[in-house]
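Please read the structure below before turning to the comments.
The values are calculated or read from the model by the stated rules, or taken from the named source; none is laboratory data. Every value quoted in this text rests on a predicted model; they were computed, and no experiment measured them. No Cβ is skipped: glycine too gets one built from the backbone with ideal geometry, and neighbour counts run over all protein chains shown.
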Amino acid sequence: MSRISIESLTEMQKLLDNLDDQEHDNLFWKPLNDDDSIKEFDEHIRLIKESKSWDRKYNHKKGGVLEDFAMFLFKRFPSPTVDKNKRPGDNETDIESTLSDKHRYPPFINDKMGTKFVCECKNKKTTAIDVTMVAKLSEILPTRGSNFGIFISIIGMGGHGWRYGEGKRKKIMYSEQRPIISITVKELEKLREGANFYTMIKQKYDYLIDEVEDETGDIPPADHDEYTKRLNEVVSHLRKCELINEEEFGQINTRITNKYGNE
């Protein structure tokens, strides 16, 4: 292989790697920047809000309202195939979305998200996503050729830390390396203001990963023996999450040592 070809391949790889930068997200999910899209978006949101007051006998229709909204969002990825209420086996899925193999994708889609994902929609105004819902979605994903699950709901994920629905998805991520993220309708309303759905997915994934990998404990009172140790662990986690660089990491650790002494 000639030197020019090697250099060209290197430049191409750099270009693909840089496509993970947030500034390029509009290439992979079409933002709401035209009147027709905004009008359709507003109608979906109107129906979702209106459905909160519907009688229980309309629960199936109520669920369909949120599923239609999800389909609208997933269809704004490049040339996707989006299916609703598929039942190839015993378990039905709300939305299955497969990205076209005719496009080149950034590292996040290729290595983390994948080109097929399953979305479950929960249009319930008083019920959060619980352990059973999370476990069921996790079990379904590999049977559908997917490794990335998304919940779209009114309330969001139940619990916090490592408890209930929130804890279950973290345990699944830790043991199975199978990410499941949750986005509320309220968060999705920001799309009308110029936010990007693909950006949200990346941010939710990063938040999940960084929380699962967070080995820091609660910071005790300043006079506790473990205080400086916990501070150093927090700083190490910030570096691991790439929120500070090596120079800043060293500077902060030096300040901690100068102020509190060695452990």
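Taking the criterion of being without any contact (Cβ under 8 Å) to a residue 40 or more places away in the chain and surrounded by fewer than 21 Cβ atoms within 10 Å (Cβ to Cβ), the residues of segment 109-132 that qualify are ASN110, ASP111, GLY114, THR115, LYS116, LYS124, THR126, THR127, ALA128, ASP130, VAL131, THR132. Close Cβ contacts (under 8 Å, 6 or more residues apart or on different chains) running from residues in segment 81-108 that are within 26 Å of LYS202 (Cβ to Cβ) to residues that are basic (Lys, Arg) and modelled with pLDDT under 85 comprise THR93/LYS86; THR93/ARG87; GLU96/LYS86.
Within segment 170-178, is there a residue that is of a type in the set (Gly, Ala, Ser), at pLDDT 90 or above and surrounded by 14 or more Cβ atoms within 10 Å (Cβ to Cβ)? The answer is no; no qualifying residue exists.
Assessment of segment 45-58 against the conditions (free of Cβ contacts under 8 Å to residues at least 12 places away in the same chain, out of contact with any helix residue (DSSP H, G or I) (no Cβ under 7 Å at 6 or more places or on another chain) and either of a type in the set (Ser, Thr, Tyr) or not assigned by TED's automatic domain parsing to the domain that holds CYS119 (or both)) yields at least one matching residue.
Applying the criterion of being outside any strand (DSSP E or B) and touching a helix residue (DSSP H, G or I) at 6+ places or on another chain (Cβ under 7 Å) to the residues of segment 83-98, the residue that is farthest from ASP20 (Cα to Cα) is GLY89. Residues in segment 70-94 that are in contact with a Leu (Cβ under 8 Å, 6 or more places away or on another chain) and of a type in the set (A, V, I, L, M, F, W, C) were compared, and the one that is farthest from LYS125 (Cα to Cα) is PHE77.
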